[in-house]
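Below: the structure, in structure tokens.
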Amino acid sequence: MKKIGFMMMTLLLLTTALTINMVWAGDAGSLGTAQTIDIYDLSTWDGVENITDATEDNLNQTVTNVTDITNVWMCNNYTYLFVRVDVAENFTGNFAIQLYVEDANGTVAGNDTLLYTNAPDIEKNDINATYLFSVWSNGTFYRYNFSDTEWTMDVNLTDTAAADFNWTRNSFVMMINLTLLSSTGEIYTGNSFKFEVFTAFEDESGWLVADYLDYGTYTITGEVIPEFPNVFLMTMLLFFAGFLLAATKKLKLFR
Ligand SMILES: [Ca+2]
Ligand SMILES: [Ca+2]
């Protein structure tokens, strides 16, 4: 009897160990939290999970820790995806924060090409990225899509309500309308996509990738774009009202 107990205990421990180790190479983790963020208030991130990136793993060592990613946070509410990138030191100089994502609708294939490829140790993206959201320290914010053989700017997000960003010391926050993540413009709870976050820095040779968070997976969580259910509800109510009217007429309740 003792033997069986011991065997079961060993099996349980083995299973636990295997489960913990079942993270594929490159996969940094999974996120999915429904929460509304004020991009100007970091305390609104309380309770949101994040993924830790190694410190001092900057690919280009001439670049300071300004671009050394330490933590990546992600959550969504019914309209926006919120992304927060923490770095080791206060952002200064010319930098870029870049979010590569797969099509949240899962229909349009992307590519593993990077916009900035001249970093010494990285040539390719781990994921099949369809969209790239890039913000530069000069205030420009663009969405790119991968068409044919290259990344093409397709939406200028700089002065639109569809997206916004803010950075405070070493935390960078961006918000992106959920429809911008999907090739059909439609997105639902449970849709998931792989993402990667890169930081880039400009020196005399041009833009260089400085650090990246190897891919993670994000799952859209909570109620999404409530305009759709409301329209559905209104239609159903109208239909029901019409049905009631027809029924009462037929029953000659109205004379
Ligand atoms: Ca890092
Ligand atoms: Ca890294």
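The values are calculated or read from the model by the stated rules, or taken from the named source; none is laboratory data. As the structure is a computational prediction, the values presented were derived from the model and not from experiment. Backbone-built Cβ (ideal geometry, glycine too); neighbour counts: all protein chains shown. Just the protein is used for accessible areas: all its heavy atoms, side chains included, with ligands, DNA and RNA removed. Shrake-Rupley method; radii C 1.70, N 1.55, O 1.52, S 1.80 Å.
Within the same chain, aspartates and glutamates fewer than 8 places from K194 are excluded, and of the rest, those with a Cα less than 15 Å from its Cα are D27, E102, D103, D112, D126, D214.
If the segment from A161 to S147 were pulled out straight at 0.36 nm per residue, it would be longer than the present Cα-Cα gap by 2.5 nm. Can you give the local net charge around T168? Use residues other than it whose beta-carbon is closer than 12 angstrom to its beta-carbon, Lys and Arg +1, Asp and Glu -1. Cβ neighbours under 12 Å give a net charge of -1. Computed from backbone phi with θ = phi - 60° and the Karplus coefficients 6.51, -1.76 and 1.60, the 3J(HN,Hα) list for the stretch 28-33 is 8, x, 10, 10, x, 9 Hz; x is used for glycine and proline. In the context of the full set of protein chains, residues of the stretch 28-224 present 41 Å² of accessible surface per residue (probe radius 1.4 Å, heavy atoms only).
What FRET efficiency comes out for the pair T113/D27, r = Cβ-Cβ distance, R0 = 22 Å, nearest 0.05?
0.60
Near the amide H of A210, within less than 5 Å, lie the amide hydrogens of T199, A200, F201, all on another chain or at least 5 residues away, with H placed in the peptide plane. The HN-Hα couplings worked out from phi for the stretch 74-84 by the Karplus form 6.51 cos²θ - 1.76 cosθ + 1.60 (θ = phi - 60°) are 8, 8, 9, 10, 5, 10, 10, 9, 10, 10, 10 Hz, whole numbers, x standing for Gly and Pro.
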